[in-house]
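J.: The structure under discussion is supplied below as structure tokens; questions concerning it will follow.
The values are calculated or read from the model by the stated rules, or taken from the named source; none is laboratory data. Small disclaimer: the values here were computed from a predicted structure and weren't measured. With ideal geometry, Cβ positions are generated from the backbone for all residues, glycine too; neighbour counts draw on all protein chains shown. The accessibility values were calculated without ligands, DNA or RNA, using every heavy atom of the protein model including side chains. Shrake-Rupley method; radii C 1.70, N 1.55, O 1.52, S 1.80 Å.
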Amino acid sequence: MNRQQPWWIALLLGTAVVAVYHHVVRFELLLWDDKVNILDNEWLQPVRAESFSAIWTQPYAQLYIPVSYTVFAVEAWLATEASGSTGAATLDSTVFHIGNLALHVGCVWLVFGILRSLTRHDAAAGFGAALFALHPLQVESVSWVTETKGLLCALFGLAALWLSLRLLEPAVERRAQWWRLAGATLCLVLALLSKPLAAAVPLMLLVLGVVRYRTPWPRLVGVFGLMAGVVLVYTVFTMRLQPAQDIPTLAPLWARPLVALDALAFYVWKLVWPVELVPDYGRTPVRALESGWLWWTWTIPVVLVVALTWLPGRRTWATAALLFCAGVAPALGLVPFAFQNYSTVGDRYAYLAMLGPALAVAALFADRPSRWLAAVLTALLVACAVSSHWQAANWWDDVTLYRHTIAVNPDSSMAHNNLGMALSALGQDQEALEHLEIAVSLAPTDRAAAVPETNRGIALANLGRVEAAIEAFQAAIQLDPDGRSAYLNLGRMLLQQQRWQEADPCFREMLRIDAGDGIAYWGLASAAQGLGDELVAAENYRRALRIRPGWPEVANNLAALHLNEQSPLYDLGEAVRLAEIACEQTGYENSQLLGTLLDAYRQSERWQDAIRVAERLRELAIAAGAGDAVEQLEAIISEVEARGE
């Protein structure tokens, strides 16, 4: 065994990761899934005690992964503190990216520990862990905040493997190792509760036990059986808890092994030549079958595995190859999954599986340590580092990422849709419309086409083409009658046009889709208020607040209803309470909400509180350069001071 000082190798690995990926901390949150998981996540607007209860008791976005959403919640709280705002749209993305960077470093250190155990050679383990750390296939997972889920899954999955290694060694007594088994089981549970891809961990453990360690079958069956049992229990539990996903069968059963082998061939190619990396490769089962490449690409991984059996030290090479296959197995298409509508393959699916190539490099150096091999591997790692640093820059923001994706894959409906959304957010709605129309035409299914069609409606609304926008939203509903976003945007548009009766059914449809949708109750309340039915409006506002306590806009609207002296809802105490909640949740930064609180204090004759709020409003007006508002507020302050004397 070649034992050096592992701490300095680990320090060097961490430093290398930071050097290569330091610029990601300045990247933005993206429209693709970051918006759903963070910016539009009602559990994070703002983070509160009830958020964690909801995270651990119910699924979000059709997935029950509470560990990931707990981390998102903590990061969102820190990001809110860092930005000095309580609004989700202004979260400091730096906090999330630092979290990803830290998780990647943690995974690299665990890989280093696993490779040290497997090779008994520190320098070899360092080279292997460096490949895991710096290979460009890892760029997507490190640069994309949503893949915090994948990094957490890998962190706990690698920890489970590391704790299990001693259990697999034939010479080790099973007694006194119970704590390792308990720790490995706990880590696997946490990995599964981070992302379902952790189902690969028992398969990777099986590869190590059968091929690498030749663990006695009774022990291997016991350890693997426990891990597989955990995955089975998790699967049954989440199937009951999560809403059923409508995942179309994109490939017949007989073709799925070919689809899986085609995906492996793709990953082999990207391992060797990791350029033009994008989030959507468009490698769907349908496209693979129609193009005909499926009939020969399957030979690549098969020939590679056969060739490895003829090499010296074939047990090690077989372990490395099978580890990679096991790591990506849950996402090879043997079991259909939602993203296959766009592509079976994705860089993020290979993150944990990169332990296989890392082992191959470590074993190569451990078997033949020499200066020339060290120089070759160092050159390879430097090339990987430069490529990863350069390709990570494509994830800077939405426009950069999706223009790059379209350049590589012009037929990406997802990229055209997201680029259209990004351009629309920047006010470039005419160009946005062009990309959104392309996205609709390229969408693989009617349901998928409903998303860019809805976004097309938003762009048309921004251009002032109201009727065309309404028609686009209605078309999106025709494409996907269960699409929440189209109903929401249509309902909002009709509310803006004061078409209260037409808006009401849109929000009722949202409740049909999800009876716990707080925004639907807000919409029903707004429509009822517009129709003059304040009692119905108040009841729906209260329902919205029960679902999302502290919702500033809803609390403010309900407070305004309680301030109406002509209404049966008139209640100054309740109005003050709700208006205070609304202002507290927004950090006393929103002039409209502060105006409601000022009215509540004045009607309640709480003169000192009213002066304080009026002075805060004056500060905001001065900062905004609103001279007329400043004069009005000074007059109000003088009046209130006179009343309070």
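J.: Provide the gained length on full extension for the span Arg546 to Glu639, in nm with one decimal, where the gain is 0.36 nm per separating residue minus the Cα-Cα distance.
T.: My answer for the length gained is 29.7 nm.
J.: Along the stretch 222-236, what does the Karplus equation 6.51 cos²θ - 1.76 cosθ + 1.60 (θ = phi - 60°) give for ³J(HN,Hα), rounded to whole Hz, x for Gly and Pro?
T.: x, 5, 5, x, 5, 5, 5, x, 4, 4, 5, 4, 4, 4, 5
J.: For a quick protection proxy, order the peptides 313-323, 356-366 by their average other-Cβ count within 10 Å, most packed first.
T.: 356-366, 313-323
J.: Output the relative contact order of the chain, whole-number percent, from Cα pairs under 8 angstrom with separation of 6+ residues.
T.: 11
J.: Further question on the same structure: Please work out the C-alpha center-to-center distance from the stretch 543-573 to the stretch 361-385 and express it in whole Å.
T.: What the calculation gives is 67 Å, centre to centre.
J.: If you find the alpha carbon centre of the stretch 188-267 and of the stretch 295-314, how far apart are they in angstrom?
T.: About 23 Å separates the Cα centre of the stretch 188-267 from the one of the stretch 295-314.
J.: Taking the alpha-carbon distance from Lys195 and a cut-off under 21 Å, which lysines remain once sequence neighbours fewer than 8 residues away in the same chain are dropped?
T.: Lys35, Lys149
J.: With a Förster radius of 56 Å, plug the Cβ-Cβ distance of Arg314 and Arg26 into 1/(1 + (r/R0)^6) and report the FRET value to the nearest 0.05.
T.: 0.75
J.: From the mean inverse distance of alpha carbon pairs (Kirkwood) and the Cα radius of gyration, derive Rg over Rh for the chain.
T.: Ratio of gyration radius to Kirkwood radius for the chain: 1.03.
J.: Give me a comma-separated list of calculated 3J(HN,Hα) values for the stretch 115-121, in order, Karplus coefficients 6.51, -1.76, 1.60 applied at θ = phi - 60°, integers in Hz, x for any Gly or Pro.
T.: 5, 4, 5, 7, 9, 6, 8
J.: Can you give me the orientation-averaged projected area of the convex hull built on the Cα atoms of the stretch 223-303, in nm²?
T.: Dividing the Cα hull surface by four gives the mean projection, 8.2 nm².
J.: Which percent of the accessible area of the chain is formed by carbon and sulfur heavy atoms (probe 1.4 angstrom)?
T.: After summing per-atom areas, the C and S share lands at 60 percent.
J.: Here's another thing I want to ask about it. Rounded to the nearest 0.05, what FRET efficiency is calculated for Glu431 and Val221 with R0 set to 45 Å and r the Cβ-Cβ distance?
T.: 0.15
J.: Between Thr94 and Ser370, 0.36 nm times their residue separation minus their Cα-Cα distance comes to what?
T.: So the chain would gain 95.2 nm between Thr94 and Ser370.
J.: Could you work out the per residue convex hull volume over the alpha carbons of the stretch 283-433, in cubic angstrom?
T.: Dividing the Cα hull volume of the stretch 283-433 by its residues yields 141 Å³.
J.: What are the residues whose amide H is under 5 Å from the amide H of Tyr60, where those residues sit 5 or more places off or on another chain and H is modelled from the backbone?
T.: Those lying under 5 Å, H to H, from Tyr60 are Ile65.
J.: Now for a different question. So, in nm, how far is label Arg166 from label Gln498 when the simple model puts each one 7 Å beyond its Cα toward the Cβ?
T.: Each label point lies 7 Å from its Cα, and together they span 7.5 nm.
J.: Would you mind getting me the FRET efficiency between Met239 and Ala182? Use the beta-carbon distance for r and R0 = 22 Å, nearest 0.05.
T.: 0.25
J.: Quick check: the angle from helix 6-21's long axis to the longest principal axis of the chain, C-alpha only, nearest 10 degrees?
T.: 50
J.: By the gyration tensor of its Cα atoms, with a ≥ b ≥ c the square roots of the eigenvalues, what is the shape of the stretch 496-645: rounded for a/c under 1.5, prolate for a/b over b/c, or oblate?
T.: Prolate, because a/c is 1.5 or more and a/b exceeds b/c.
J.: Output the 0 to 90 degree angle, nearest 10, between the alpha-carbon long axis of helix 299-308 and the longest principal axis computed from the alpha carbons of the chain.
T.: Orientation of helix 299-308: about 50 degrees from the principal axis.
J.: Now, a different point. Viscosity 1.567 mPa s, temperature 4 °C: give me the Stokes-Einstein translational D for the stretch 316-379 in µm²/s, with Rh taken as the Kirkwood radius over C-alpha pairs.
T.: D, rounded to a whole number, is 97 µm²/s.
J.: Counting each DSSP H run of 4 or more residues in the chain as -39500 (n - 2.57), what helix-only mean residue ellipticity at 222 nm follows after dividing by all residues, to the nearest 500 deg cm²/dmol?
T.: So the calculated ellipticity at 222 nm is -22000 deg cm²/dmol.
J.: Order these peptides, 572-584, 604-616, by their mean beta-carbon neighbour count within 10 angstrom, highest first.
T.: Averaged packing, sorted descending, gives the order 572-584, 604-616.
J.: For helix 314-328, what angle does its Cα long axis make with the longest principal axis of the chain, in degrees from 0 to 90 and rounded to 10?
T.: 20
J.: Please list His389, His404, His23 in order of solvent-accessible area, largest first, computed with a 1.4 Å probe with all protein chains present.
T.: The residues order as His389, His404, His23, largest area first.
J.: How much length is gained on full extension from Ala468 to Thr57, taking 0.36 nm per residue of separation minus their Cα-Cα distance?
T.: 143.9 nm
J.: Provide the per-residue ³J(HN,Hα) series for the stretch 45-53, in order, calculated from phi with Karplus coefficients 6.51, -1.76, 1.60 and θ = phi - 60°, each as a whole number of Hz, with x at glycine and proline positions.
T.: Per-residue couplings from phi come out as 10, x, 6, 8, 4, 5, 4, 5, 5 Hz.
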